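First up is the structure itself, then whatever we jot down about it.
The values are calculated or read from the model by the stated rules, or taken from the named source; none is laboratory data. The structure presented is a predicted model; accordingly, all values stated were derived computationally and were not measured. Don't worry about glycine lacking a Cβ; one is built from the backbone with ideal geometry, like all the others, and counts go over all protein chains shown.
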Amino acid sequence: MTFIWSHRSSEFGHLTDFIDTRVASEPSARVACEDVGQSTESEGEMPYLEQSVRREQFIGAARSALAKHGVARASVRVVAAEAGVPLATMQYVFPSKEALLRAVIEDVGDEIASVLEASADTHHGLERAIRTGLDGFWSRLVEGGRDLQLVQYELTLYALRTAEHQDLARQQYHRYTAIVAGWCQRAAEASNETIAIPVEDLARAIVAGVDGLILQHLCDPVGARARDQLVTLADMTVRLALSRHKPLGAI
């Protein structure tokens, strides 16, 4: 059952005030009201969940709502409806849309970082690390993951346009770059290879290349072509990483 909180006419004003006050003052309050403000689930109240569990539930609902409606239209009320809880319950955990979006940005960043970390085989040389890292990431988070990628780009733009969240966009890319640099470094050391350019420069080139391919794929999704371009990106970065010649642009 979906719960959508709405303010009612004056005859129910006192009830609304009571519920809002109760949720705000009692962490364990279990209030479930449909859009008429008085009906509840079949047992008369919502099952109690710890706030940490509620938080994860609401972040998941926010990601779903963002994929459907975009940042502009995904209000706290819309997310509450997606989660199947009254607005007051949502606002107890996330008092504002800004607080909710910050949590979602962090959650999406954690997922992407986790997949990046696990994608590369770092035990069989740098070339294999780059190729398996790109392939694993693309397979798990891009193919069939259009909603996640759209949400990630929208949230990055939102963070850049919101003064108090600009640090999140910067931290995300620092984190992705550090992970890729880490598995490049470990792979090179394991096989006694020397990376021809600073490892951070290599990692930034890989992250930038993947970003560009994802954006193209979102605009014009042709799976086979995207795969070919991913192989080309791997070829270029491997040659750049292991070349004994001067990097492009060097004097």
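In region 119-151, the qualifying residues are those that are modelled with pLDDT of 90 or more and not in a helix (DSSP H, G or I), and the one that is nearest to ARG227 (Cα to Cα) is GLU143. Answer yes or no: is there a residue in region 166-175 that is at pLDDT 90 or above, out of contact with any Asp or Glu (no Cβ under 7 Å at 6 or more places or on another chain) and over 17 Å from ILE105 (Cβ atoms). No, region 166-175 contains no residue that is at pLDDT 90 or above, out of contact with any Asp or Glu (no Cβ under 7 Å at 6 or more places or on another chain) and over 17 Å from ILE105 (Cβ atoms). The single residue among THR177, THR237, THR194 that is over 30 Å from ALA62 (Cβ atoms) and surrounded by 18 or more Cβ atoms within 10 Å (Cβ to Cβ) turns out to be THR237. When residues in region 177-195 are screened for being touching a residue at least 60 places away in the same chain (Cβ under 8 Å) and touching a Lys or Arg at 6+ places or on another chain (Cβ under 8 Å), 1 of them pass. Does PRO198 count as closer than 26 Å to SER114 by Cβ and free of Cβ contacts under 8 Å to residues at least 24 places away in the same chain? The answer is yes for PRO198. I'd like to check something: does region 71-91 contain any residue that is surrounded by 20 or more Cβ atoms within 10 Å (Cβ to Cβ), within 14 Å of ARG54 (Cα to Cα), in the same structural domain as THR156 (by TED's automatic domain parsing) and of a type in the set (Val, Ile, Thr)? No.
When THR132, THR177, THR122 are checked against the criterion of being over 23 Å from the mean Cα position of the chain (by Cα) and among the β-branched types (Val, Ile, Thr), a single residue qualifies: THR122. If you check ALA113, ALA129, ALA169 for being surrounded by fewer than 19 Cβ atoms within 10 Å (Cβ to Cβ), hydrophobic (A, V, I, L, M, F, W, C) and in contact with a helix residue (DSSP H, G or I) (Cβ under 6 Å, 6 or more places away or on another chain), only one passes: ALA113. Keeping to region 63-100, report how many residues are part of a loop (DSSP other than H, G, I, E, B), free of Cβ contacts under 8 Å to residues at least 24 places away in the same chain and not polar (S, T, N, Q). The qualifying residues number 2. Scanning region 180-191 for residues that are crowded, with 16+ Cβ neighbours inside 10 Å and either of a type outside the set (Gly, Ala, Ser) or touching a Cys at 6+ places or on another chain (Cβ under 9 Å) (or both) yields VAL180, TRP183, CYS184, GLN185.
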